[in-house]
Amino acid sequence: MTFITHDLAVIGGGIHGASVALFAARAGMDVVLLDKGALAREASGTNAGTLTMQMTRAALIPYALKAHDMWVRAPEWLGHDVGVVACDGLSLAFTEAEEQLLAERAAARRTAGAPIRLVSSAEATRIEPGLNPSLRMASHCTIDGYANAYLTGVAYRRALLEAEVALREYTPVEGLDPTGTGFSVRTRTGVVAARQVVLTGGVWIEPMLAWLGIHLPIRTLVNQLSVTERTTPVMRTVVGIASGLLSLKQFPHGTVVIGGGWQGTGSRDTGHHTTTHESTVGNARLAVHAIPALRATRLVRSWTGFEAETADALPAVGPVPGVPGAWVSGSVHSGYTSAPYIAHCLVQAILGQVPDMPLFPIDRLLVQDMPAATDFTKNGTEH
Amino acid sequence: MTEFADLLVLGAGPAGAEAALAADHAGLRVVLLDEAPAAGGQVWRAPRTHAARTRSDADQTRGRDLRGRLDASGVQVRTGTQVWDAVPGFCLSCVSERGATRFQAPRLVLATGATERVRPFAGWTTPGVFGLAAATAMMKAEGRLAGRNIIVAGQGPLLIAVAAKACAMGVPPRAIVDLNGRGDWLSAVSGFAAAPGLLLTGLKWMARIVAARVPILHGADIVRALGDDTLDAVIVRDRASGQETRLAADTLYVGNGLTPADEIHRLLGAAQVADALRGGYRTLCDADRRSSVPGLYVAGDGAGVHGAFPSAAQGRIAGLAAAHDHGALSAADFARASRHARGQLKRLMRFADASCRLMQFPEDSLQDIRGDTVICRCEDVTVDQIRAASGDGACDLNQLKHFTRLGMGPCQGRMCALNAAGVLRRLAVDAGRDLRLTPRAPVRPVEMAQLIGTFAYSDIPVPKPAPL
Ligand SMILES: Cc1cc2nc3c(=O)[nH]c(=O)nc-3n(C[C@H](O)[C@H](O)[C@H](O)COP(=O)(O)OP(=O)(O)OC[C@H]3O[C@@H](n4cnc5c(N)ncnc54)[C@H](O)[C@@H]3O)c2cc1C
Ligand SMILES: Cc1cc2nc3c(=O)[nH]c(=O)nc-3n(C[C@H](O)[C@H](O)[C@H](O)COP(=O)(O)OP(=O)(O)OC[C@H]3O[C@@H](n4cnc5c(N)ncnc54)[C@H](O)[C@@H]3O)c2cc1C
């Protein structure tokens with residue numbers, strides 16, 4: 001048996017891994033992409049798809065703006081449809097405390113470059129007639145929108161094959177050994193050899209980094225979403241609230257997706273996650289409070305997905321310290337939105353270039369001693 | 001609001017009602033939940049109209065008896081109550097006209113019954129095409145059957161039952177299109193003989209059909225329904241010769257057996273095995289109906305299709321097992337009280353197997369469905385689209401759903417998932433792969449207004465804000 005040594009092995013085929021693989025292959029590298037399941041079946045295929053500045057951490061706004069522009073031009077670089085719609089976004093305040101929070105957050109995000117301004121309730125209801133008129137204030141962003149996240153897998157799959165990436169779905173990686181000149185990627189069905197590796201395992205970047213003796217604690221959030229049946233138009237913008245605990249939009253086919261980071265339960269170790277009654281009802285109440293017409297709809301489905309969070313809730317994107325040729329990328333807040341641009345910057349670094357915007361090296365997050373892998377899921381707190 | 005009990009029973013059909021009655025008799029506090037307006041389930045469904053009440057038959061009598069026994073018992077019967085979520089422990093989330101409620105108990109019997117399967121054919125979504133099971137529901141609840149020129153098609157005892165009852169209602173079918181051949185029925189007779197009373201009922205049905213001179217086309221199926229806004233005709237194909245015949249009709253009742261309504265079994269993580277004879281998948285349980293999930297018991301068609309009488313016997317055993325595990329029945333009393341039901345179940349098994357064999361879904365025939373046939377009717381996904389998605393790399397049902405929206409509509413895959421899996425399995429998909437959608441709440445669409453009730457904004461437990 002002869003081994004092909006790939007230039008780059010990407011381990012984890014979510015939006016981050018798939019984008020890195022695509023851009024690296026387009027830049028001429030011979031890339032293999034491995035996933036334990038099918039492409040984009042974890043967070044990247046099940047998320048709410050909101051491409052928003054108003055839920056993005058201020059420090060990530062410059063990346064999210066660049067990425068938003070990429071998403072709008074997805075047909076040019078991805079070549080396949082993920083249903084991107086660009087529209088206005090509104091974040092709402094119904095109480096005095098929320099007004100204060102909204103003002104503060106809008107200011108920070110505006111400073112970071114997002115075109116956000118505060119508007120009166122009258123102006124907000126002109127922009128979005130579906131709103132509950134009892135709102136006190138809103139922040140309005142002209143750069144917002146959404147993608148249809150469940151199309152991520154099929155769109156990227158086509159693009160990756162066209163770019164001649166070697167796709168290895170349903171191939172869980174079990175370990176990684178530096179060989180001096182590269183890496184042996186161990187799978188149940190054999191070893192894959194590559195000169196460089198990128199770990200893009202979503203919440204599983206913690207166990208992946210452990211293969212290299214690195215301990216980066218990752219909190220596992222279990223985000224929950226619900227969707228209504230197809231209904232007549234009830235809204236035309238992306239709607240959230242000041243705290244960030246609501247995200248709402250109506251897709252062109254008429255369903256409304258309700259989210260905002262309400263927590264379900266689950267465990268990264270078993271891979272199992274599920275909704276909770278409290279979160280389903282709480283999130284639905286908040287949604288109906290914001291868009292009262294939703295009261296007349298039916299809820300057809302709720303589901304959950306894992307989102308990764310580092311200790312400082314900022315990304316883990318950069319070289320793996322002490323292991324030349326190994327890279328990591330994940331734990332990006334509102335990580336669907338920013339993924340294509342972050343991947344673009346990371347691929348520049350992998351190619352030995354200076355990235356257009358700085359990466360988020362993980363040295364700041366490392367824990368020296370190495371206890372058993374942490375899984376915060378049990379007492380999973382909201383974010 | 002949460003109500004507590006010793007035992008929750010979901011489904012007030014033969015299985016659930018017997019489970020509830022047995023456990024109540026043993027002294028447990030039992031709550032019996034069903035979304036239907038009255039207990040009885042599918043087979044002993046309560047009549048809703050005067051016409052239905054006056055058309056008394058054996059099933060009506062059994063239903064009335066069952067409801068009478070429930071009324072006289074201590075069982076808390078909560079009809080009109082739809083269960084949309086369940087977590088181990090057990091907590092059931094419900095909605096009803098009274099709003100949202102929850103029920104909690106350390107033990108739960110699932111007796112959720114079955115869903116009908118229909119083998120898709122061109123035009124099966126045309127108005128005027130109904131399920132066979134829907135026909136029985138219409139006749140039982142309303143005492144009538146829609147259509148004047150009707151055709152009854154599909155397979156199994158339900159086919160004969162619907163045709164016979166249609167004759168009795170003065171609308172003899174223009175034809176019975178039976179997927180099974182005469183030989184299939186003949187080889188079932190020895191199994192049917194295990195339940196002489198039921199065999200006799202079946203023979204009476206046949207006599208009525210013969211008396212009404214309804215032609216029976218054996219070994220045939222429907223390949224096409226014609227008509228735009230209403231049904232005009234169907235094309236019947238003889239399976240052996242391939243010869244096609246056009247039959248005029250304004251209404252078609254068609255059904256290809258049943259499959260367990262096991263969404264909640266799966267949501268709770270009960271172990272299952274593939275079992276084509278029992279309708280697709282069967283929930284594993286021991287002889288006392290305990291599933292793999294501690295405290296969870298399963299009975300009736302929801303755990304594997306057996307029919308009404310075995311379901312009732314399984315229900316009784318499950319209810320008694322729950323009472324025994326609760327400490328309310330000694331081992332000896334459990335053995336004594338369940339002996340009759342166990343004997344019945346054993347006796348009826350040959351009958352059940354014979355019926356199930358006639359009802360077994362013709363998986364192989366999914367192979368030759370025309371490409372433009374709709375599989376997912378909620379989202380209008382055709383066989384060709386499934387084939388294209390497979391070409392694009394979709395090799396399980398969750399992926400297929402993402403690629404095509406199949407199963408994302410209000411039926412949530414109840415009507416299409418098994419058919420789609422059947423189509424996909426034939427497209428070089430790894431045989432061992434699990435071809436089912438991940439179970440998710442709500443198990444049925446819920447009215448938003450009932451789900452959220454009335455609330456004040458300040459009462460919404462909004463989690464702490466995300467980091468800035
Ligand atoms: C419910 C929900 C809603 C969200 N809503 C939004 C939103 O509206 N907007 C937004 O911008 N962001 C949103 N996010 C966040 C966003 O989805 C994530 O940040 C992003 O998808 C993460 O992508 P990823 O590639 O890092 O991880 P993932 O998509 O989780 O991909 C990791 C991949 O690694 C694979 N893998 C793991 N272990 C192994 C192994 N041993 N071998 C091989 N492969 C392995 C997994 O199978 C998986 O495919 C949401 C997240 C969730 C869960
Ligand atoms: C439509 C239909 C018609 C049928 N007609 C006949 C017939 O005429 N003759 C015959 O011999 N067999 C018939 N069958 C077969 C028959 O279902 C069974 O053999 C028998 O009724 C099984 O009893 P059971 O108690 O297991 O389930 P069922 O009698 O089906 O009872 C299950 C009950 O659970 C309730 N339920 C399920 N899920 C939920 C939920 N999430 N929330 C609240 N309630 C819930 C349902 O409303 C139902 O009343 C029919 C089957 C179907 C699907």
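The values are calculated or read from the model by the stated rules, or taken from the named source; none is laboratory data. Bear in mind the structure is a predicted one, so any value in this text is a computation, not a measurement. Virtual Cβ from ideal backbone geometry, glycine too; neighbours counted across all protein chains shown. For the accessible areas, the whole protein counts, side chains as well, though only heavy atoms, and no ligand, DNA or RNA atoms are used. Shrake-Rupley method; radii C 1.70, N 1.55, O 1.52, S 1.80 Å.
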The range A:309-339, residues that are within 9 Å of ligand 1 (Cβ to nearest atom) and within 14 Å of chain B (Cβ to nearest Cβ):
A:Ser331, A:Val332, A:His333, A:Ser334, A:Gly335, A:Thr337
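Would you call A:Leu118 in a strand (DSSP E or B), in contact with a strand residue (DSSP E or B) (Cβ under 7 Å, 6 or more places away or on another chain) and within 14 Å of chain B (Cβ to nearest Cβ)? Outline the logic, then answer.
Details: in a strand (DSSP E or B): yes; in contact with a strand residue (DSSP E or B) (Cβ under 7 Å, 6 or more places away or on another chain): yes; within 14 Å of chain B (Cβ to nearest Cβ): no.
Considered against the rule, which asks whether it is in a strand (DSSP E or B), in contact with a strand residue (DSSP E or B) (Cβ under 7 Å, 6 or more places away or on another chain) and within 14 Å of chain B (Cβ to nearest Cβ), A:Leu118 comes out as no.
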Out of B:Ser292, B:Ser311, sole residue that is open to solvent by less than 10 Å² (accessible area, probe 1.4 Å) and farther than 19 Å from B:Leu437 by Cβ
B:Ser311
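Taking the stated definitions as given, is A:Thr125 over 25 Å from A:Leu225 (Cβ atoms), hydroxyl-bearing (Ser, Thr, Tyr) and not in a loop (DSSP other than H, G, I, E, B)? Talk me through it step by step, then tell me what you get.
Numbers: over 25 Å from A:Leu225 (Cβ atoms): yes; hydroxyl-bearing (Ser, Thr, Tyr): yes; not in a loop (DSSP other than H, G, I, E, B): yes.
Yes; evaluated as a whole, the condition is true for this residue.
Regarding A:Thr297, is this residue over 23 Å from the mean Cα position of the chain (by Cα), open to solvent by less than 10 Å² (accessible area, probe 1.4 Å), polar (S, T, N, Q) and closer than 30 Å to B:Glu263 by Cβ? Quick ask: steps written out before the conclusion?
Numbers: over 23 Å from the mean Cα position of the chain (by Cα): yes; open to solvent by less than 10 Å² (accessible area, probe 1.4 Å): yes; polar (S, T, N, Q): yes; closer than 30 Å to B:Glu263 by Cβ: yes.
Taking the combined requirement at face value, the residue satisfies it.
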Would you check if there is a residue in the range B:48-63 being buried (at least 23 other Cβ atoms within 10 Å of the Cβ) and in contact with a helix residue (DSSP H, G or I) (Cβ under 9 Å, 6 or more places away or on another chain)?
yes
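Kindly provide the set of residues from the range B:236-250 that are surrounded by fewer than 24 Cβ atoms within 10 Å (Cβ to Cβ) and out of contact with any Ser or Thr (no Cβ under 7 Å at 6 or more places or on another chain), ordered by number. Reasoning before the result, please.
First, pick out the residues of the range B:236-250 that are surrounded by fewer than 24 Cβ atoms within 10 Å (Cβ to Cβ): B:236-248, B:250.
Listed by number, the residues that qualify are B:Arg237, B:Asp238, B:Arg239, B:Ala240, B:Ser241, B:Gly242, B:Gln243, B:Glu244, B:Thr245, B:Arg246, B:Leu247, B:Ala248.
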Quick check on this structure: which one of B:Leu437, B:Leu418, B:Leu451, B:Leu406 is more than 7 Å from chain A (Cβ to nearest Cβ) and assigned to a helix (DSSP H, G or I)?
B:Leu418
Only residues in the range A:239-267 that are without any contact (Cβ under 8 Å) to a residue 40 or more places away in the chain count as the first member; pair them with residues that are surrounded by fewer than 23 Cβ atoms within 10 Å (Cβ to Cβ) and among the polar types (S, T, N, Q), Cβ under 7 angstrom, at least 6 apart or cross-chain, and list the lot.
A:Gly254/A:Thr231
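Identify all residues within the range A:284-294 that are more than 9 Å from chain B (Cβ to nearest Cβ) and open to solvent by less than 10 Å² (accessible area, probe 1.4 Å); write none if there are none.
So the first thing to find is which residues in the range A:284-294 are more than 9 Å from chain B (Cβ to nearest Cβ), and the list is A:290-293.
Residues satisfying the conditions are A:Ala290, A:Ile291.
Sort out for me the strands (runs of 3 or more DSSP E) sitting completely within the range A:183-237 that have 2 or more residues that are within 30 Å of A:Asp88 (Cβ to Cβ). Write out each step before concluding.
Details: elements: A:183-187, A:190-199, A:219-228.
Those strands (runs of 3 or more DSSP E) span A:219-228.
Of the residues that sit in the range B:454-468 and are more than 7 Å from every other protein chain (Cβ to nearest Cβ) and assigned to a loop (DSSP other than H, G, I, E, B), which one is nearest to B:Val273 (Cα to Cα)? Step through it out loud before you land on a result.
If we filter the range B:454-468 for residues that are more than 7 Å from every other protein chain (Cβ to nearest Cβ), which is where we start, we get B:454, B:456, B:458-459.
The next check asks that each one be assigned to a loop (DSSP other than H, G, I, E, B); those that pass are B:454, B:456.
Working: B:Thr454: 42, B:Ala456: 46 Å.
Only one residue fits best here, namely B:Thr454.
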Close pairs (7 angstrom Cβ cut-off, 6 or more residues apart or separate chains): away from every other protein chain (no Cβ under 14 Å) in the range B:8-30, away from ligand 2 (no atom under 15 Å from the Cβ) and charged (D, E, K, R) anywhere:
B:Leu28/B:Asp6; B:Arg29/B:Asp6; B:Val30/B:Asp6; B:Val30/B:Asp24
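Looking at the range B:421-434, which of its residues are part of a loop (DSSP other than H, G, I, E, B) and farther than 23 Å from B:Leu267 by Cβ? Explain how you work it out, then say what you get.
We begin by selecting, within the range B:421-434, every residue part of a loop (DSSP other than H, G, I, E, B); these are B:426-434.
The answer is B:Arg426, B:Leu427, B:Ala428, B:Val429, B:Asp430, B:Ala431, B:Gly432.
Test of understanding: among A:Glu104, A:Glu164, A:Glu123, A:Glu96, which residue is open to solvent by 30 Å² or more (accessible area, probe 1.4 Å), on the phi > 0 side of the Ramachandran plot and either without any contact (Cβ under 8 Å) to a residue 60 or more places away in the chain or within 28 Å of the chain's Cα centre (by Cα) (or both)? Steps first, answer last, please.
Values: A:Glu104 fails: on the phi > 0 side of the Ramachandran plot; A:Glu123 fails: on the phi > 0 side of the Ramachandran plot; A:Glu96 fails: on the phi > 0 side of the Ramachandran plot.
On inspection, the qualifying residue turns out to be A:Glu164.
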